[in-house]
Amino acid sequence: MFEALESTTLAAWVGESLWAYPGLLSVHIIGLAIVVGLFSMRDLRLLGLFPEIDTKLFLSLNKIAAIGFVINAVSGFMLFSSQASIFVQSTPFLIKMGAIVVGMVLAGIIHFRLGSGIANHVTSGTKLVAAFSLLSWLSAIAAGRLIAYL
Amino acid sequence: MLDALAQAFLGSPLNEWIQATYWLWPVMEITHFIGLTLLMGGLLIVDLRLLGLFPSVKLTATHKVLPLVLLGFTLNLITGILFFIGDPMRYSVNVGFQIKMLLVLVAGANAFLFHSRYWLDSQSSLSMALNRVDERIVAGLSLCLWTCVLLLGRLIPYVSTG
């Protein structure tokens with residue numbers, strides 16, 4: 001299955017074009033900055049930093065985070081396609097994917113809690129979710145960087 | 001100038017220690033990524049607000065994230081200097097690195113000039129409020145410049161000498 005993906009035209013283009021791979025990596029880091037940047041600000045706010053900012057702000061910012069996520073899902077899939085069979089055997093890659101799934105599920109939970117709760121009243125349950133969310137995104141970044149090393 | 005700096009660092013104790021410590025480079029890279037995340041995450045909130053999004057949030061409230069932006073910048077300044085000392089000949093001649101540094105200076109000047117004017121304004125009883133057009137230009141420029149800094153940084157391994 002992964003070999004089949006590697007033999008597609010898309011994968012061949014990513015692997016062979018001089019600029020595709022570095023170009024996609026560059027796009028990927030912009031997406032990372034948007035998604036993890038906004039989610040980490042949200043989590044830090046929920047954990048008690050800058051209480052002056054209305055928690056409902058992060059409901060609006062989620063639309064921008066979603067754009068970043070789509071950018072990275074597409075660029076990430078394209079990068080993955082060129083070396084799929086190698087990536088699926090990379091432990092840091094698998095940890096990164098797991099951390100992203102956890103981070104997105106927690107983002108959904110936080111979104112629901114912010115939407116249904118009283119503005120600026122952060123329950124201890126929401127704080128706990130925010131702490132795990134922050135941890136999962138930091139893990140995703142660390143594991144992603146380690147793909148090149150392990 | 002970069003050449004002279006690179007020559008000065010080459011073979012220095014710090015240069016040799018960074019080269020010899022195998023786990024240090026990936027740890028510095030992870031820190032550099034976390035730093036850029038704090039920097040961009042905070043700036044998105046500040047600059048998008050200045051550009052006119054979510055007008056119900058107070059401008060002064062969004063400015064509370066600026067310490068985190070500065071923290072991210074400081075983390076990246078420190079790890080960045082260590083990258084340069086660790087592998088000076090690679091960075092000094094790299095055109096991606098050179099343009100990136102130039103843009104960091106421009107982006108830094110843009111932020112510094114804006115915030116010093118903003119601060120002066122908040123301290124003064126005379127109203128010399130920045131007009132909205134000014135604010136939008138500064139904020140738009142800030143997001144564009146930092147985006148280019150990220151792009152260029154990621155391209156450093158793929159571009160050659162300049």
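Values for this structure:
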| read-out | value |
| --- | --- |
| Number of positions in the range A:106-125 that are out of contact with any Leu (no Cβ under 6 Å at 6 or more places or on another chain), in a helix (DSSP H, G or I) and surrounded by 14 or more Cβ atoms within 10 Å (Cβ to Cβ) | 6 |
| Residue satisfying all of: in the range B:15-31; of a type outside the set (A, V, I, L, M, F, W, C) and out of contact with any Lys or Arg (no Cβ under 9 Å at 6 or more places or on another chain); farthest from A:Leu49 (Cα to Cα) among these | B:Glu16 |
| Counted residues, the range A:88-147 - those being closer than 22 Å to B:Trp25 by Cα, among the basic types (Lys, Arg) and more than 14 Å from chain B (Cβ to nearest Cβ) | 0 |
| Test: residue in the range A:20-38 that is modelled with pLDDT under 95, more than 9 Å from chain B (Cβ to nearest Cβ) and more than 20 Å from B:Leu143 (Cβ to Cβ) | yes |
| Any hit, the range B:61-68, residues being basic (Lys, Arg) and facing another protein chain (nearest Cβ under 7 Å) | yes |
| Some residue of the range A:76-89 being more than 19 Å from A:Leu24 (Cα to Cα), over 13 Å from the mean Cα position of the chain (by Cα), in a helix (DSSP H, G or I) and free of Cβ contacts under 8 Å to residues at least 60 places away in the same chain | no |
| Considering residues of the range B:116-126 that are loosely packed, with under 14 Cβ neighbours inside 10 Å and part of a helix (DSSP H, G or I) only, the residue modelled with the highest pLDDT | B:Ser116 |
| Test: residue in the range B:24-33 that is outside any loop (DSSP other than H, G, I, E, B), closer than 26 Å to A:Ala143 by Cβ, at the interface with chain A (Cβ under 9 Å from one of its Cβ atoms) and among the charged types (D, E, K, R) | yes |
| Condition met for A:Asp43 (at pLDDT 90 or above and facing another protein chain (nearest Cβ under 8 Å)) | no |
| Residue within the range A:38-56 that is polar (S, T, N, Q) and surrounded by 20 or more Cβ atoms within 10 Å (Cβ to Cβ) present | yes |
| Residue in the range B:42-57 that is nearest to A:Val35 (Cα to Cα), counting only those that are assigned to a loop (DSSP other than H, G, I, E, B) and at the interface with another protein chain (Cβ under 7 Å from one of its Cβ atoms) | B:Phe54 |
| Only listed residue being out of contact with any strand residue (DSSP E or B) (no Cβ under 9 Å at 6 or more places or on another chain) and touching a residue at least 60 places away in the same chain (Cβ under 8 Å), chosen from B:Leu113, B:Leu44 | B:Leu44 |
| Test: residue in the range A:5-13 that is crowded, with 16+ Cβ neighbours inside 10 Å, within 30 Å of B:Leu71 (Cβ to Cβ) and of a type outside the set (Lys, Arg) | no |
| Inter-residue pairs, beta-carbon under 6 Å, first among the β-branched types (Val, Ile, Thr) and in the range A:105-117, second modelled with pLDDT of 95 or more, 6+ apart | A:Ile109/A:Val129; A:Ile110/A:Val129 |
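For every residue, the table says whether it meets (1) in contact with a strand residue (DSSP E or B) (Cβ under 8 Å, 6 or more places away or on another chain); (2) of a type in the set (S, T, N, Q); (3) loosely packed, with under 13 Cβ neighbours inside 10 Å.
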| site | (1), (2), (3) |
| --- | --- |
| B:Gly11 | no, no, yes |
| B:Val27 | no, no, no |
| B:Ile30 | no, no, no |
| B:Leu36 | no, no, no |
| B:Val57 | no, no, no |
| B:Thr62 | no, yes, no |
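The values are calculated or read from the model by the stated rules, or taken from the named source; none is laboratory data. Remember, it's a predicted structure, so these values are computed and weren't measured experimentally. Don't worry about glycine lacking a Cβ; one is built from the backbone with ideal geometry, like all the others, and counts go over all protein chains shown.
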